[in-house]
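*Asks:* My questions will all concern the structure given below.
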Amino acid sequence: MKLTDFFSRLINGKSVVNDQRSFDEDCITLKIVSDLKQIPILAKYQWRESRNCFEYKTEYGFNRIAIETSISFDLERGTSCVSIRPSMYLRHNILHDWFSEFSFKSKSDQKESWSVGRSLEMVGLQDEVNFLSGYKNYDQDFQKLYEGIEKLISVIEPYSDIKYLGSLGK
């Protein structure tokens, strides 16, 4: 028995392969990004397509909300989906500049490092938000994503003051 047949039986005879092929990850991801650009909490952020992230340059460095996408399977709803995993990063340039001479990383890699980061799971939420093909339940799923991003921003915001970085290990 093929693995795809096994999964098809597991989900009441639906064809995982056909469902997967009919799903357009790029299309739904573009809609999600377009809708995220419209929300007020991201007004000062710029979408960086090359990095799949929203980025806000600050006087101290940057805030970045990475948007990881993958095609997945929503077990609760029994269908394929696009999974969105947002995570948030904050960088204090002064901190990384000080450590740069001791780093084994290249200068270009060092420019992308961050000082503190959080995922949805780290703030007590489900780590990913699933979006179904045909935009089924899109508004509800988008609301979950919005609330997750809002929580990430609120948890990271105190670290914009570098003095709070010393309390990370406590």
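The values are calculated or read from the model by the stated rules, or taken from the named source; none is laboratory data. These numbers come from a predicted model, not from an experiment. Every residue, glycine among them, receives a Cβ derived from its backbone with ideal geometry; neighbour counts consider all protein chains shown. Calculation scope for accessible area: heavy atoms of the full protein, side chains included, ligands and nucleic acids excluded. Shrake-Rupley method; radii C 1.70, N 1.55, O 1.52, S 1.80 Å.
*Asks:* I'd like the full set of residues that are of a type in the set (Ser, Thr, Tyr) and in contact (Cβ under 8 Å) with a residue 24 or more places away in the chain, limited to the range 139-170. Let's see the steps before the verdict.
*Replies:* Initial filter on the range 139-170 (of a type in the set (Ser, Thr, Tyr)): 146, 154, 159-160, 164, 167.
Answer for the range 139-170, where residues must be of a type in the set (Ser, Thr, Tyr) and in contact (Cβ under 8 Å) with a residue 24 or more places away in the chain: 146, 159, 160.
*Asks:* Might you check whether a residue that is charged (D, E, K, R), surrounded by fewer than 15 Cβ atoms within 10 Å (Cβ to Cβ), closer than 22 Å to residue 25 by Cα and in contact with a strand residue (DSSP E or B) (Cβ under 9 Å, 6 or more places away or on another chain) occurs anywhere in the range 128-135?
*Replies:* Step one: of the range 128-135, the residues charged (D, E, K, R) are 128.
In the following step, the residues that additionally are surrounded by fewer than 15 Cβ atoms within 10 Å (Cβ to Cβ) were identified as none.
No, the range 128-135 has no match at all.
*Asks:* Still on this structure: Pick from 165, 152, 145: which is assigned to a helix (DSSP H, G or I), of a type outside the set (S, T, N, Q), in contact with a Leu (Cβ under 9 Å, 6 or more places away or on another chain) and at pLDDT below 95? Lay out the reasoning, then the answer.
*Replies:* Working: 152 fails: at pLDDT below 95; 145 fails: at pLDDT below 95.
That would be 165, the only listed residue that is assigned to a helix (DSSP H, G or I), of a type outside the set (S, T, N, Q), in contact with a Leu (Cβ under 9 Å, 6 or more places away or on another chain) and at pLDDT below 95.
*Asks:* Another question, then. Could you check how many residues of the range 28-83 are part of a loop (DSSP other than H, G, I, E, B) and either modelled with pLDDT of 95 or more or of a type outside the set (Ser, Thr, Tyr) (or both)? Spell out how you get there, then give the answer.
*Replies:* Applying the first criterion (part of a loop (DSSP other than H, G, I, E, B)) to the range 28-83 yields 38-39, 43-45, 49-52, 58-60, 75-78.
From the residues that got through so far, the ones that are either modelled with pLDDT of 95 or more or of a type outside the set (Ser, Thr, Tyr) (or both) too are 38-39, 43-45, 49, 51-52, 59, 75-78.
Final tally of qualifying residues: 13.
*Asks:* Take the residues of the range 58-91 that are more than 23 Å from residue 47 (Cβ to Cβ) and not acidic (Asp, Glu): which is surrounded by the most Cβ atoms within 10 Å (Cβ to Cβ)?
*Replies:* First pass over the range 58-91, keeping only residues more than 23 Å from residue 47 (Cβ to Cβ): 73-80.
Next, only the ones that are not acidic (Asp, Glu) stay: 73, 75, 77-80.
Details: 73: 17, 75: 11, 77: 13, 78: 12, 79: 19, 80: 24.
Per the stated criteria, the residue is 80.
*Asks:* Given (1) over 20 Å from residue 148 (Cα atoms); (2) part of a strand (DSSP E or B), where does residue 101 come up short, assuming only one miss?
*Replies:* (2)
*Asks:* Take residue 159 and decide whether it is open to solvent by 80 Å² or more (accessible area, probe 1.4 Å), modelled with pLDDT under 95 and of a type in the set (Ser, Thr, Tyr). Can you show your working first?
*Replies:* Working: open to solvent by 80 Å² or more (accessible area, probe 1.4 Å): no; modelled with pLDDT under 95: yes; of a type in the set (Ser, Thr, Tyr): yes.
Judged against the criteria, residue 159 is not a match.
*Asks:* Within the range 98-127, track down each residue that is surrounded by 16 or more Cβ atoms within 10 Å (Cβ to Cβ) and in contact (Cβ under 8 Å) with a residue 40 or more places away in the chain.
*Replies:* Result: 114, 115, 116.
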